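The values are calculated or read from the model by the stated rules, or taken from the named source; none is laboratory data. Just so it is clear, the structure is predicted and the values come from calculations on it, not from any experiment. All Cβ positions, glycine included, derive from the backbone under ideal geometry; neighbour counts span all protein chains shown.
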Amino acid sequence: MGSNGNAMGTAQPLIPIFKGEGYAFWSIRMKTLLRSQDLWDLVEQGYADPDDEGKLRENRKKDSKALVIIQQAVHDSVFSRIAAAATSKQAWLIFCKRSSKAIQGSSW
């Protein structure tokens, strides 16, 4: 067993925590993390409900995985702003909209 406690010996990526400041760097780290888990396309584009029940279940599972990563990557003071998001894309869009407002002078 590796020193990280993972039986496979692979390290789990550290999730950067967003506390309302440093959005630009945090978002780059999050995109890289989500890409490494093969989830970024889903976060960025969302998904259409396919007719195939198996594919729908797979899409929902991947989206839930992406959403939990995003939720774990924010401080409690920020979480309340994304808590109602039902999908990873919805949560990410909230960040995009809020970050553009923050750049214009409003705070998180």
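Only one residue in ASP63, ASP38 is in a loop (DSSP other than H, G, I, E, B) and charged (D, E, K, R), so which one is that?
Just a single option satisfies the conditions, and that option is ASP38.
Considering only residues of the stretch 42-54 that are surrounded by 13 or more Cβ atoms within 10 Å (Cβ to Cβ) and farther than 16 Å from ARG29 by Cβ, which is modelled with the lowest pLDDT?
TYR47
How many of the residues making up the stretch 79-89 are in a helix (DSSP H, G or I) and farther than 11 Å from ALA66 by Cα?
4
ALA24 is checked against (1) at pLDDT below 95; (2) on the phi > 0 side of the Ramachandran plot and fails just one. What number does that condition carry?
(2)
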